[in-house]
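> I have a structure I would like to understand better, so I am pasting it below and will then ask my questions one at a time.
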Amino acid sequence: MTAPNGDSAAAPPAQRQKFDAAAARRVLGEVLRSELANTKYEADEVAQLGKRVGETINRRLSGEMALEQYKYVTSVSIFQNSGQGARMGTSAIWDPDADAVVQDMFVSDSIKCVAVVFAVCVY
């Protein structure tokens, strides 16, 4: 593909190579349930728990989606569930035809967790 200024640039992903948001959302849900189902909120351990969940999400997405041109930025927020409400929204899409954002939430008696993945196509 040639850019308007004449420079050579990589082409955006073909339709079959695009990030599958529905499949990614399933991965998020599976990871959140498997990692957090029997977890109680412990303030001293929440940072490490969030890191582990985020790394597991990235590893699963990288392995199962098999899209080498995509990089994943994952944010995991874990809160103590003490009956309070919470709303969280985020978005950042650099190329609406190739990039995507997906999120999922896990809630138990002890914790609330929101996981957000930004899938950024590098081309």
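The values are calculated or read from the model by the stated rules, or taken from the named source; none is laboratory data. Keep in mind that what you see is a predicted model, and the values were worked out from it rather than measured. FYI the Cβ positions are ideal-geometry reconstructions off the backbone, even for glycines, and counts take in every protein chain you see. Ligands, DNA and RNA are excluded from the accessible area calculation, which covers all protein heavy atoms including side chains. Shrake-Rupley method; radii C 1.70, N 1.55, O 1.52, S 1.80 Å.
> Out of curiosity, is Gln103 surrounded by 15 or more Cβ atoms within 10 Å (Cβ to Cβ) and at pLDDT below 90?
Here the answer is no, as Gln103 does not meet what is asked.
> Does Val27 count as aliphatic (A, V, I, L, M) and open to solvent by less than 70 Å² (accessible area, probe 1.4 Å)?
yes
> Considering region 59-74 alone, what residues qualify as being outside any loop (DSSP other than H, G, I, E, B), surrounded by fewer than 16 Cβ atoms within 10 Å (Cβ to Cβ) and not charged (D, E, K, R)?
Matches in region 59-74: Ser62, Gly63, Val73.
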